[in-house]
Amino acid sequence: MGIVVEKRWWQSTVVYQIYPRSFQDSNGDGIGDLSGIIKRLDYLQNLGIGAIWLSPVYQSPNDDNGYDISDYLAIMEEFGTMDDMDLLIAEAKKRDIAIIMDLVVNHSSDEHRWFVEAKKDKNSPYRDYYIWRDGTPEQCPNDIGSIFGGSAWEYDEASGQYYFHLFSKKQPDLNWENEVLRKEIYHMMNSWLDKGIAGFRMDVIDLIGKVPDEHITGNGPKLHDYLQEMHQATLKGRDTLTVGETWGATTEVAKLYSDPKREELSMVFQFEHIGLDQKGFEKWDLKELDLLELKLVLSKWQSELGNEGWNSLFWNNHDLPRIVSRWGDDKTFRVESAKLFAILLHSMKGTPYIYQGEEIGMTNCPVTDFSEIDDIESKNMISDRLEKGYTKEEILTSINAKGRDNARTPMQWDDTANAGFTTGTPWLHVNPNYKEINVQAALNDKNSIFYTYQKMIQLRKEHDLLVWGEYHLVEEVPDEVFAFTRTYQGETWLTVANMTGVSQTIDLQEYGKVAEVIISNYNFDTVSIVKGLEPYEAFIVKLIKNKSK
Ligand code: GLC
Ligand code: CA
């Protein structure tokens, strides 16, 4: 007898990530806003998604575009008002779309009232909401580095102490050891849940159990205690989707977060595949992707979580380069390769996430000068690497491949000025390819990437096999071809994807015969499984299986 697993709404849905600053401006100030999102809900409903993950919309001085929060219970003025937020939740709900908010509680902004009070007065109750250690101007507490470059310790002259910040110095880390702080956070989460949001994406949540004195940052000893406590205090009894951003998760660790019995999170974002095109620890040190490695890593995640966990599936987010430019071909085979990534990801087991613009095949947006760069991470890297003697060309090569602005250029809605994103001056340059690549053009072309995403989302709704089916990697293909089966209640589907711009040959006749083509990015309505594959060809077929397989 198999184990009976309770099925949850978020296992069969598809989530769409919105980076509000770049999605749709409604008042001509060049900055996307909540009213802009409301205007585009019909578009998202047409795509078929069931939830929106909203990158932070809270009050923030925008040192890290909203990931530095100065008031968790207020909306950023540039984005609108709390009434706009309530309207967004209600309008989304009418269209059966849940709103998932970003929860950034590893750190706050240095402009948060808590930090302002903490800094002012060593004896303030807020002092211990943050992490302070003694030191001298010459000697900081230890050599832990900030993820955004430089030391993680910032000296505060007035008190002669350092505070800890794993990101920018305007993002002081919160001290999760402090129980009063934890209660404040749970209270804040409950206020949002009571408003009708359906869950949280938890920013760098694997860092909250840090023990800086012992050099522990990720996966600290109390991390899971905190998450279980948080679950009891906020999520318990509510039907939420929670997804943790966990850069350091292995499959074993992912089960600790997402095993339903442990009552922590629904799932986590794991990043093992994301690191495959870098040398060592620095994302800026580029290496070519090994396709075999990609297959093996993703397959490991598919097989190892079993019933004790649940996968999230993604190629893109606001921190990552555009997938079609990264591992596809954004020139000759842009449409084919973008569809391939949709077909591959959405036929795996887990909850798929689409990042805004991915569904129309938006590409990276290379720059030729440092002055065009907005992102704090890239800017810090530039000063750091210039100091270390890297050339301007080397630095730009890394930024054009991996910089976060690539994903943050405004959403391309149509071919009018600024891609229909704003009537004013956009806060970040629009990708010059918007005249060809935009939503309007995609909607008008029945063979566009958009309709491949729409169909994959629809298939997931109609076929339990895509949600629940067992995954099996097909090994009898060239390294450059990614192929797997999904099997559920006696039915098997086969996904095949040629990950290269050259033809490949496959012979999978031992797997059976094709009963039906489910989807193909070359619009083939018949496909053989003994065949030559076109560049970036991808398809899913239903099989009539051979008895042996
Ligand atoms: C996460 C966010 C990223 C942000 C960082 C600090 O990695 O996705 O955008 O800069 O946390 O909050
Ligand atoms: Ca605006």
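Any read-out appearing in this document is the output of simple, stated calculations on the displayed coordinates, not a laboratory observation. A quick note: this is a predicted structure, and the numbers were derived from the prediction, not measured. Please note: Cβ atoms are built from the backbone with ideal geometry, for glycine as well, and neighbour counts cover all protein chains shown.
Here are the numbers:
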item	result
Segment 457-473 - phi-based ³J(HN,Hα) in whole Hz, Karplus 6.51/-1.76/1.60, Gly and Pro as x	5, 5, 4, 4, 6, 8, 10, 4, 4, 5, 8, 9, x, 5, 9, 9, 6
Footprinting exposure proxy for 99, 395 (fewest neighbouring C-beta atoms within 10 Å first)	395, 99
Whole-Å distance, taken between Cα centres, linking segment 517-540 and segment 296-320	25 Å
Student exercise, the chain dipole from Lys, Arg, Asp, Glu Cβ charges, in Debye to nearest 20	1680 debye
Segment 158-209 pair-distance distribution - Cα-Cα, 10 Å bins, rounded %	19, 42, 30, 7, 1
Sequence of 211, 297, 324 once ranked by neighbouring C-beta atoms within 10 Å, starting from the fewest	211, 297, 324
Shape of segment 105-169, Cα gyration tensor, a/c cut at 1.5	oblate
Between segment 446-508 and segment 203-255, the Cα center-to-center distance that results, in Å	32 Å
Under-5 Å amide H pairs with residue 286, H placed in peptide plane, nonlocal only	279
Residue 151 long-range amide H proximity, modeled H, under 5 Å	146
C-alpha long axis of helix 376-387 to longest principal axis of the chain, angle in °	80 degrees
Descending principal axes extents, segment 1-65, alpha-carbon based, whole Å	60, 30, 12
Segment 51-107: trypsin sites (Lys or Arg not before Pro) falling in loop per DSSP and having at most 13 other Cβ within 10 Å	95
Exposure proxy ranking, count of Cβ atoms within 10 Å, fewest first, for 23, 333	333, 23
Volume of the Cα convex hull of segment 366-491, divided per residue and given in Å³	198 Å³
Segment 9-82 and segment 384-434: distance between their alpha carbon centers, rounded to Å	20 Å
Helix-derived mean residue ellipticity, 222 nm - over the chain, DSSP H n ≥ 4, -39500 (n - 2.57), to 500	-8000 deg cm²/dmol
Cα coordinate range in segment 179-256, projected on the principal axes (Å, largest first)	39, 30, 17
Residue 286-residue 46 FRET efficiency (beta carbon distance; Förster radius 41 Å; 0.05 resolution)	0.65
Antiparallel bridges, percent of DSSP beta bridges restricted to the chain (to nearest 5)	65 percent
Extension gain, residue 228 back to residue 383 (0.36 nm per residue minus Cα-Cα distance, nm)	51.8 nm
Cleavage-rule hits, GluC sites (Glu not before Pro), segment 469-521, DSSP coil, Cβ neighbours within 10 Å at most 14	475, 476
Long-range amide H partners of residue 71 with built H, under 5 Å	59
J(HN,Hα) series, segment 123-131, from Karplus relation 6.51 cos²θ - 1.76 cosθ + 1.60, nearest Hz, glycine and proline x	9, 5, x, 7, 3, 7, 6, 10, 10
Residue-by-residue Karplus 3J(HN,Hα) for segment 505-514, coefficients 6.51, -1.76, 1.60, Hz, glycine and proline x	10, 10, 9, 10, 5, 5, 7, x, 10, 7
Equivalent ellipsoid, the chain (semi-axes from 5 times Cα gyration tensor eigenvalues, Å)	39, 26, 24
Measure of compaction for segment 135-235 (Cα Rg per 2.2 N^0.38 Å)	1.22
